[in-house]
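Everything on this sheet refers to the single structure shown next.
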Amino acid sequence: MDCIFCKIAAGQVPSVKVYEDEKVLAFLDIGPLSDGHTLVIPKKHYVKIHECPGEVLASVAAVLPKIAAAVLKGTNADGYNVMCNNGRASGQLVEHIHFHIIPRKAGDGVFT
Ligand code: 5GP
Ligand code: ZN
């Protein structure tokens, strides 16, 4: 399957890893909206949340707090957005479920 995030998960394409376990990988976004912009993916390929088994999403949710804490600490951010685009109409470009963690500072204008 020609999926860039599957290739990253398999180590066939390089990435800057933030976290990894058997089921989940977090790595820096190649086109960050802010410093430390991180993507968290299940290693198994699913395109959208409603197509993904709950237990796969649960494995992501289980480690999201510690990844978010590490991103916050590493960037000294004031806050962060967690975003998951589902479908082209929502802005999803890479068709492998991913959660964006976007570090924010007050008044940074990231979404303006
Ligand atoms: P989407 O628009 O699908 O929600 O977000 C896809 C994200 O993946 C974008 O923020 C984009 O910069 C990032 N991205 C696309 N290709 C690569 C890649 O090959 N490596 C990394 N690290 N990030 C990627
Ligand atoms: Zn994939």
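Taking the Cβ-Cβ separation of Ala89 and Leu33 as r and a Förster radius of 22 Å, what is the calculated FRET efficiency to the nearest 0.05?
0.65
Could you calculate the contour length gain from Ala10 to Ala106, that is, 0.36 nm times the residue separation minus the distance between their Cα atoms, to one decimal place in nm?
Values: separation 96, 0.36 × 96 = 34.56 nm, distance 3.65 nm.
Fully extending the segment from Ala10 to Ala106 adds 30.9 nm.
Measure nothing but the geometry: give the 0 to 90° angle between the long axis through the Cα atoms of 54-75 and the longest principal axis through the Cα atoms of the chain, rounded to 10°.
30 degrees
Provide the FRET efficiency to the nearest 0.05 for the Ile49-Glu22 pair, computing r from the beta carbons and using R0 = 22 Å.
My answer for the efficiency is 0.60.
Name the shape class, rounded, prolate or oblate, that the alpha-carbon gyration tensor gives for segment 26-112, where a ≥ b ≥ c are the square roots of its eigenvalues, rounded holds for a/c under 1.5, and otherwise prolate holds if a/b is larger than b/c and oblate otherwise.
Details: a/c = 2.29, a/b = 1.43, b/c = 1.60.
Because a/c hits 1.5 or more and a/b fails to exceed b/c, segment 26-112 counts as oblate.
In debye, nearest 20, what is the charge dipole magnitude of the chain about its Cα centre with +1 on Lys and Arg Cβ and -1 on Asp and Glu Cβ, if you could check?
Approximately 60 debye in magnitude.
Pull up the cross-link candidates among the lysines for Lys43, meaning alpha carbon to alpha carbon under 27 Å and not fewer than 8 places away within one chain.
Cross-link targets: Lys7, Lys17, Lys23, Lys66, Lys73.
Compute, for segment 65-112, the length of the dipole vector about the Cα centre, with Cβ point charges of +1 (Lys, Arg) and -1 (Asp, Glu) only. Units Debye, rounded to 20. It would help to have the intermediate numbers written out before the result.
Working: 5 positive and 3 negative charges, 22 e Å.
Taking the Cα centre of segment 65-112 as origin, the dipole is about 100 debye.
What's the extension gain from Asp2 to Ala58 if we count 0.36 nm per residue and subtract their Cα-Cα distance? Mind dumping the intermediate values first?
Numbers: separation 56, 0.36 × 56 = 20.16 nm, distance 2.53 nm.
Gain in length upon complete extension: 17.6 nm.
Going by how many other beta carbons lie within 10 Å of each one, how would you line up His37, His50, His45, fewest first?
Final ranking by Cβ density, sparse to dense: His50, His45, His37.
Laboratory data are not the source of any read-out in this text; all were calculated from the coordinates shown. Just so we're clear, the structure is a prediction, and the values are computed from it rather than from any experiment. Every residue, glycine as well, gets a Cβ built from its backbone with ideal geometry; the counts of neighbours run over all protein chains shown.
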